[in-house]
1. For the range 166-181, give me each residue that is within 14 Å of ligand 2 (Cβ to nearest atom), touching a Ser or Thr at 6+ places or on another chain (Cβ under 8 Å) and either farther than 19 Å from Met206 by Cβ or open to solvent by less than 20 Å² (accessible area, probe 1.4 Å) (or both).
2. Only one of (1) at pLDDT below 95; (2) within 16 Å of ligand 1 (Cβ to nearest atom); (3) part of a loop (DSSP other than H, G, I, E, B) is not met by Leu12, so which one is it?
3. For the range 199-220, enumerate the residues that are within 8 Å of ligand 1 (Cβ to nearest atom) and either among the acidic types (Asp, Glu) or in contact with a strand residue (DSSP E or B) (Cβ under 6 Å, 6 or more places away or on another chain) (or both).
4. Hey, any hits in the range 83-92 for a residue that's of a type in the set (A, V, I, L, M), out of contact with any Lys or Arg (no Cβ under 7 Å at 6 or more places or on another chain) and over 23 Å from His35 (Cβ atoms)?
5. Could we say that Leu93 is within 15 Å of ligand 1 (Cβ to nearest atom), over 27 Å from Glu29 (Cβ atoms) and under 19 Å from the mean Cα position of the chain (by Cα) here?
6. Name the single residue, out of those in the range 142-165 being within 15 Å of ligand 2 (Cβ to nearest atom) and open to solvent by less than 30 Å² (accessible area, probe 1.4 Å), that is farthest from the chain's Cα centre (by Cα).
7. Among residues belonging to the range 98-124 that are among the aliphatic types (A, V, I, L, M), closer than 18 Å to Ala143 by Cα and without any contact (Cβ under 8 Å) to a residue 40 or more places away in the chain, point out the one that is farthest from ligand 1 (Cβ to nearest atom).
8. Just one of Glu98, Glu10 is within 24 Å of Leu125 (Cα to Cα) and more than 16 Å from ligand 2 (Cβ to nearest atom); which is it?
Amino acid sequence: MINKNHPRYESLLLREKIKNAYKEGYLAETAMIAHGRGEAFDYLLGEQTSYPAKRAIYAAVSLLLLSKNPVISVNGNTVALAIDDIIDLANTLNAKIEINLFYRSDERVDKIAELFKSKGFTEILGTNDDDIKYINSIENPRASASSSGIYSADVVLIPLEDGDRAELLSKTDKKTITIDLNPLSRTSMKSNISIVDNIIRAIPFMNKIAKDLKVQNISVLKDILIDYSNEDNLKDSIGSFKIKEEK
Ligand code: ATP
Ligand code: MG
């Protein structure tokens, strides 16, 4: 039990969720290391959503609302930290959700699929009985995708994606949106829209903005995208990291 008065309570709670997901058997060991790297970047961000992250979120939501077949890719970390927010966002955007694990095993996939189903989200893709195809015919586990999901998607939201896969997706016509605390990762560099923020803040914020933008005229969404430059925004994201000076 974590004491609520602990100054790092929120952060410890997230660690607990990650640890429990590992114990429940759907999170790989190395995913805990990835979480630690994220923590370090978040510390430097002041554990707040920066202005450039908000700007990227507006662009990301506009792109998702304009898309024909949007898909949200989920891995173990995303499920452990944000399953409820992911389901809410998918419902608001009318997007599909696809399980996509770096260390894929039938057992992990089944456990994650069960979690979604237990929360009433039954249309989960990327399961063991889904029709899996290979992007650009590359017979590699990093290129596998559900035929009605990522394989045929025009826009893919890839929170915490691995660089190999982000790079592969960038070579297709699909537009990719990532949420990654590291602005220098290959994933952030290769995506069309890079949200440098913690998924636990970014996903609920995206949902809020999606509800607002959904009722706007399509031209408003298009204008947001025209005004957005991911290259400039990534530079601004790097500028949001503050190193505190000790006095
Ligand atoms: P890449 O594969 O893109 O070159 P990498 O190999 O350094 O990057 P991975 O281990 O593949 O990184 O993925 C983990 C990434 O997820 C890290 O960049 C880390 O900062 C980020 N990350 C971890 N936890 C979170 C979180 N809760 N929210 C957002 N990003 C996170
Ligand atoms: Mg990687």
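1. Of all residues in the range 166-181, those within 14 Å of ligand 2 (Cβ to nearest atom) come to 166-169, 178, 180-181.
Next, only the ones that are touching a Ser or Thr at 6+ places or on another chain (Cβ under 8 Å) stay: 166, 169, 178, 180.
Matches in the range 166-181: Ala166, Leu169, Thr178.
2. Result: Leu12 fails condition (3) only.
3. Filtering the range 199-220 for residues within 8 Å of ligand 1 (Cβ to nearest atom) gives 199-200, 202.
If the condition is that a residue be within 8 Å of ligand 1 (Cβ to nearest atom) and either among the acidic types (Asp, Glu) or in contact with a strand residue (DSSP E or B) (Cβ under 6 Å, 6 or more places away or on another chain) (or both), then Ile199, Ala202 are the ones that fit.
4. Scanning the range 83-92 turns up no residue that is of a type in the set (A, V, I, L, M), out of contact with any Lys or Arg (no Cβ under 7 Å at 6 or more places or on another chain) and over 23 Å from His35 (Cβ atoms).
5. Details: within 15 Å of ligand 1 (Cβ to nearest atom): no; over 27 Å from Glu29 (Cβ atoms): yes; under 19 Å from the mean Cα position of the chain (by Cα): yes.
No, not satisfied.
6. As a first pass, look at the range 142-165 and keep what is within 15 Å of ligand 2 (Cβ to nearest atom): 142, 158-165.
Cutting the leftovers down to open to solvent by less than 30 Å² (accessible area, probe 1.4 Å) gives us 142, 158-159, 161, 163, 165.
Numbers: Arg142: 16, Ile158: 4, Pro159: 2, Glu161: 7, Gly163: 13, Arg165: 13 Å.
The extreme case among them is Arg142.
7. Taking the range 98-124 as the starting set, the residues that turn out to be among the aliphatic types (A, V, I, L, M) are 99, 101, 109, 112-113, 115, 124.
In the following step, the residues that additionally are closer than 18 Å to Ala143 by Cα were identified as 99, 101, 109.
If we keep only those that are without any contact (Cβ under 8 Å) to a residue 40 or more places away in the chain as well, we get 99, 109.
On the way: Ile99: 17, Val109: 19 Å.
Among them, the one singled out is Val109.
8. Details: Glu10 fails: within 24 Å of Leu125 (Cα to Cα).
From the options Glu98, Glu10, the qualifying one is Glu98.
The values are calculated or read from the model by the stated rules, or taken from the named source; none is laboratory data. Note that this is a predicted model, so its numbers are computed, not measured. Cβ coordinates were reconstructed from backbone atoms using ideal geometry, including for glycine residues, and neighbour counts include every protein chain displayed. All accessible areas refer to the heavy atoms of the entire protein, side chains included, with ligands and DNA or RNA removed. Shrake-Rupley method; radii C 1.70, N 1.55, O 1.52, S 1.80 Å.
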